[in-house]
Amino acid sequence: MTRIFTSLWKSRQARVGMGLLLFFFLMAFVGPFLVGDPLAFDGRPLLGPSAEHWLGTTGQGQDVLAQTVVGARTTLLVGLITGSLVVLIGALVGGLAGTLGGKTDDGLSLLINIFLVLPGLPLMVVLAAWLPAGPVSMCAVLVLTGWAWNARVLRAQALTLRQRDFVAAAQVSGESWIRILFVEILPNMTGLMVSSFIGATIYAVGAQVGLEFLGLGDLGVVSWGTNLYWASNDQALLTGSWWTFVPTGFCIALLGFALTLINFGLDAVTNPKLAHPQRVGPTPFIPSAVTPSPVSRAAKP
Amino acid sequence: MKAAAGWLARRLGFYVIAAIVAVVLNFLIPRLMPGDPASVLFARFQGDLDPEAIEGLRKTFGLQDAPLHEQFYSYISALAHGDLGLSVAYFPTPVSEVLGEGLMWTGLLAGGAVLISFVLGSSLGALAAWKKGGPLDTVLPPLLAFLGAFPYFWLAMLAAWVFGFQLDWFPLRHAYADNLAPSFSWPFIQSVISHAFLPALTMVLVSLGGWLLAMRNTMIGVLGAEHVRYAQARGLTPRRILVHYAARNALLPNVAGFGMALGFVLSGALLTEVVFSYPGTGLLLLTAVRGQDYPLLQGLFLAITFAVLSANWLVDVVTVALDPRTRT
């Protein structure tokens with residue numbers, strides 16, 4: 001991990017991304033102590049930005065700045081927790097399929113591919129509509145619909161690792177497959193798992209905001225998604241009150257951009273082929289999880 | 001040709017399995033949820049609906065006291081007849097009827113936007129890789145990555161506010177002007193295009209970066225391949241090498257990714273529709289969520305899933321047509 005971080009620091013893109021990420025962490029975990037109560041009705045509805053309310057007020061007369069800052073906490077927490085769970089499941093399912101091969105791999109691959117091909121948002125909406133609203137349900141829905149992409153990527157990596165000599169040596173010396181999976185294969189995928197985690201977090205933030213925008217979150221909790229829900233509910237577009245939806249959306253985009261930048265940096269570190277493509281001899285295309293492919297890039301509704 | 005047919009048949013088998021999983025999920029989700037869905041559902045609608053509608057709901061869900069396998073049997077036989085129950089929000093219109101029109105508009109808007117984005121993104125990606133390190137390669141990817149980080153629907157809100165509300169260049173809501181009747185006349189088509197322009201534009205902008213980067217990275221690999229160097233050695237024009245030797249090969253993985261990405265892109269399209277009140281499946285989804293129209297919600301899930309699976313199979317057919325290796 002330290003090795004990944006030091007080499008990551010050499011990339012300018014990754015440094016910018018990590019700086020931005022730090023800003024959002026401060027905003028989410030220190031910021032709420034600096035701003036007022038986001039749910040207090042402390043102004044006339046739909047006031048434009050002023051000295052008193054830097055980013056104006058919502059349709060209910062609440063402070064937009066306070067809502068944006070406090071919203072970061074819920075959104076970031078749900079995003080990070082979902083991201084970790086998604087990678088955990090992905091590593092277990094993908095690692096298991098890649099390590100064991102054979103029938104297990106066939107079965108798990110089929111499961112992964114089915115979850116990949118089912119359209120995410122409608123499934124999420126159906127699940128979220130039936131579950132009681134709240135952060136736990138939100139995480140559950142996002143994990144259930146989002147684990148497959150990472151599992152697929154990590155399976156492919158485990159599959160190539162399994163053919164390496166050190167794994168063969170471990171097999172010959174009679175190590176159990178559990179030990180091979182946890183000691184030989186998974187530790188060698190840390191780089192990929194870190195980038196998968198970042199990708200999964202981007203997905204989780206986007207999907208969470210989308211679901212809450214539809215009104216499927218806990219509307220009593222301040223988060224970036226519910227901010228946008230209320231902005232749209234209070235007819236922000238027809239009243240021209242841009243300040244109710246621009247700050248939140250901009251933060252979401254900036255957070256996603258920061259994470260993408262870090263992944264670009266990681267990409268250059270873990271995949272030298274992309275940084276210096278070989279001009280001699282055929283270069284096989286290596287579908288890399290680190291590269292934002294259309295699938296992982298578009299993974300957010 | 002035989003190998004290709006076998007491969008297509010296997011793919012078809014996979015999509016059939018995926019469809020079966022969707023059908024089973026659709027049956028199980030309401031029944032596995034915490035609490036007793038039947039009583040929750042009926043408690044919500046107590047007094048709001050006439051007994052006839054409640055009876056319809058009960059029938060749709062098979063949420064009777066019958067054992068699970070009997071419920072499943074009645075669910076499947078209703079589904080086989082295209083009977084998805086009655087919509088609550090549009091009572092007493094059958095869900096299948098409500099779905100039809102929504103699917104058509106989503107197909108038009110999302111399908112068009114995806115195609116434009118794919119063609120444009122792949123071309124730009126090929127050019128960026130061709131001139132690696134050039135202006136196109138250094139400026140576009142980060143810019144589009146930044147645009148791609150915005151939530152679809154938020155960019156849509158911004159576009160609606162700037163171009164629809166402030167500048168009044170484009171209509172803000174619906175798929176065509178209220179004073180026109182659907183027909184194959186020029187004013188109607190013009191109205192449809194102007195209504196679809198802004199939502200389509202936001203979708204293209206957000207998804208363009210993904211196609212561009214994927215194409216660029218594949219192209220870089222292909223450009224280092226032997227056959228491209230051979231083409232260079234033969235003194236072919238750069239244009240011919242770019243189009244016929246490199247881009248053509250690099251496109252294949254992108255086409256395969258196209259099918260996979262479809263579901264994700266569609267998710268974004270649904271939310272964009274909500275912002276523009278575009279009468280597609282996205283808006284229906286919102287109506288179903290807000291009105292707690294569970295029959296419509298379940299029907300939407302099935303219909304969208306089937307549409308995506310069919311589109312995926314079409315992409316497979318295109319892949320076979322493009323890739324001579326699968327035809328031998």
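The values are calculated or read from the model by the stated rules, or taken from the named source; none is laboratory data. As the structure is a prediction and not an experimental result, all values here were calculated from the model. Cβ placement follows ideal geometry from the backbone for every residue including glycine, while neighbour counts extend to all protein chains displayed.
Any idea how many residues of segment A:114-131 are more than 7 Å from chain B (Cβ to nearest Cβ) and either free of Cβ contacts under 8 Å to residues at least 12 places away in the same chain or under 22 Å from residue B:15 (Cβ atoms) (or both)?
Final tally of qualifying residues: 2.
Right, residue A:144: among the hydrophobic types (A, V, I, L, M, F, W, C), within 11 Å of chain B (Cβ to nearest Cβ) and over 15 Å from the mean Cα position of the chain (by Cα) or not?
Here the answer is no, as residue A:144 does not meet what is asked.
For segment A:231-248, give me the residue count where each residue is touching a residue at least 24 places away in the same chain (Cβ under 8 Å), assigned to a helix (DSSP H, G or I) and under 12 Å from residue B:157 (Cβ atoms). Full working, then the answer.
As a first pass, look at segment A:231-248 and keep what is touching a residue at least 24 places away in the same chain (Cβ under 8 Å): A:231, A:233-236, A:239, A:241, A:243-244, A:247-248.
From the residues that got through so far, the ones that are assigned to a helix (DSSP H, G or I) too are A:231, A:233, A:236, A:239, A:243-244, A:247-248.
Subsequent filtering for residues that are under 12 Å from residue B:157 (Cβ atoms) retains A:231, A:236, A:244, A:248.
So the count comes out to 4.
What is the residue count in segment A:127-144 for residues that are surrounded by 24 or more Cβ atoms within 10 Å (Cβ to Cβ) and β-branched (Val, Ile, Thr)?
Of the residues in segment A:127-144, 1 are surrounded by 24 or more Cβ atoms within 10 Å (Cβ to Cβ) and β-branched (Val, Ile, Thr).
For segment A:206-227: of the residues being at the interface with chain B (Cβ under 7 Å from one of its Cβ atoms) and buried (at least 22 other Cβ atoms within 10 Å of the Cβ), which is nearest to residue A:74 (Cα to Cα)?
A:209
Being among the hydrophobic types (A, V, I, L, M, F, W, C) and crowded, with 23+ Cβ neighbours inside 10 Å is the filter here; which residues of segment B:275-288 pass it?
B:275, B:276, B:284, B:285, B:288 - these are the residues of segment B:275-288 that are among the hydrophobic types (A, V, I, L, M, F, W, C) and crowded, with 23+ Cβ neighbours inside 10 Å.
Report yes if some residue within segment A:40-62 is surrounded by fewer than 22 Cβ atoms within 10 Å (Cβ to Cβ), outside any helix (DSSP H, G or I) and acidic (Asp, Glu); otherwise report no.
Checking segment A:40-62: at least one residue is surrounded by fewer than 22 Cβ atoms within 10 Å (Cβ to Cβ), outside any helix (DSSP H, G or I) and acidic (Asp, Glu).
Step by step: first the residues of segment B:153-169, then only those that are more than 9 Å from every other protein chain (Cβ to nearest Cβ) and either charged (D, E, K, R) or under 21 Å from residue B:286 (Cβ atoms) (or both), then the one that is surrounded by the fewest Cβ atoms within 10 Å (Cβ to Cβ). Which residue is that?
B:168
In segment B:146-159, which residues are touching a residue at least 60 places away in the same chain (Cβ under 8 Å) and out of contact with any Phe, Trp or Tyr (no Cβ under 7 Å at 6 or more places or on another chain)? Don't jump to the end; show me each part of the working.
Residues of segment B:146-159 touching a residue at least 60 places away in the same chain (Cβ under 8 Å): B:147-148, B:151-153, B:156-157.
Answer for segment B:146-159, where residues must be touching a residue at least 60 places away in the same chain (Cβ under 8 Å) and out of contact with any Phe, Trp or Tyr (no Cβ under 7 Å at 6 or more places or on another chain): B:147, B:148, B:151, B:152.
Just the residues that are closer than 20 Å to residue A:200 by Cβ and either in a loop (DSSP other than H, G, I, E, B) or among the acidic types (Asp, Glu) (or both), please, taken from segment A:118-147.
A:118, A:119
So residue B:261 clears everything in (1) in a helix (DSSP H, G or I); (2) more than 9 Å from chain A (Cβ to nearest Cβ); (3) among the small types (Gly, Ala, Ser) except one condition, right? Which one?
With respect to (1) in a helix (DSSP H, G or I); (2) more than 9 Å from chain A (Cβ to nearest Cβ); (3) among the small types (Gly, Ala, Ser), residue B:261 is out only on (2).
Run residue B:229 past the list (1) surrounded by 20 or more Cβ atoms within 10 Å (Cβ to Cβ); (2) at the interface with another protein chain (Cβ under 10 Å from one of its Cβ atoms) and report the number of the one that doesn't hold.
In the conditions (1) surrounded by 20 or more Cβ atoms within 10 Å (Cβ to Cβ); (2) at the interface with another protein chain (Cβ under 10 Å from one of its Cβ atoms), residue B:229 misses (1) alone.
Anything in segment B:276-305 that is of a type outside the set (Ser, Thr, Tyr) and more than 10 Å from chain A (Cβ to nearest Cβ)? List them, or say none.
Once the filter is applied, which keeps residues that are of a type outside the set (Ser, Thr, Tyr) and more than 10 Å from chain A (Cβ to nearest Cβ), segment B:276-305 yields B:279, B:280, B:283, B:284, B:291, B:295, B:296, B:299.
Taking the options A:102, A:98, name whichever one is more than 20 Å from the chain's Cα centre (by Cα) and surrounded by fewer than 19 Cβ atoms within 10 Å (Cβ to Cβ).
A:102
From the list A:167, A:194, A:183, which residue is hydrophobic (A, V, I, L, M, F, W, C) and either within 12 Å of another protein chain (Cβ to nearest Cβ) or touching an Asp or Glu at 6+ places or on another chain (Cβ under 7 Å) (or both)?
A:167
Name the residues in segment B:77-121 that are acidic (Asp, Glu) and in contact (Cβ under 8 Å) with a residue 12 or more places away in the chain, would you? Spell out how you get there, then give the answer.
Of segment B:77-121, the ones acidic (Asp, Glu) are B:83, B:97, B:101.
Once the filter is applied, which keeps residues that are acidic (Asp, Glu) and in contact (Cβ under 8 Å) with a residue 12 or more places away in the chain, segment B:77-121 yields B:83, B:101.
I'd like to check something: does segment A:66-88 contain any residue that is within 30 Å of residue A:168 (Cβ to Cβ) and either within 29 Å of the chain's Cα centre (by Cα) or charged (D, E, K, R) (or both)? Quick ask: steps written out before the conclusion?
Here is the first cut: in segment A:66-88, the ones within 30 Å of residue A:168 (Cβ to Cβ) are A:87-88.
Of the ones still in play, those that are also either within 29 Å of the chain's Cα centre (by Cα) or charged (D, E, K, R) (or both) are A:87-88.
Yes, segment A:66-88 contains a residue that is within 30 Å of residue A:168 (Cβ to Cβ) and either within 29 Å of the chain's Cα centre (by Cα) or charged (D, E, K, R) (or both).
Give the residues of segment B:135-170 that are modelled with pLDDT under 75 and not in a helix (DSSP H, G or I), sorted by residue number.
B:149, B:168, B:170, listed by residue number.
Of (1) modelled with pLDDT under 85; (2) at the interface with another protein chain (Cβ under 7 Å from one of its Cβ atoms), residue A:230 satisfies all except one. Which?
For residue A:230, the failing item is (2).
Yes or no: residue B:147 within 13 Å of another protein chain (Cβ to nearest Cβ) and more than 26 Å from residue B:315 (Cα to Cα)?
Considered against the rule, which asks whether it is within 13 Å of another protein chain (Cβ to nearest Cβ) and more than 26 Å from residue B:315 (Cα to Cα), residue B:147 comes out as yes.
Which one of these is buried (at least 17 other Cβ atoms within 10 Å of the Cβ), in a helix (DSSP H, G or I), at pLDDT 75 or above and small (Gly, Ala, Ser): B:110, B:78?
B:110
Of the numbered conditions (1) touching a helix residue (DSSP H, G or I) at 6+ places or on another chain (Cβ under 9 Å); (2) at pLDDT below 75; (3) of a type outside the set (A, V, I, L, M), residue B:52 fails exactly one; give the number of that condition.
It is condition (1) that residue B:52 fails.
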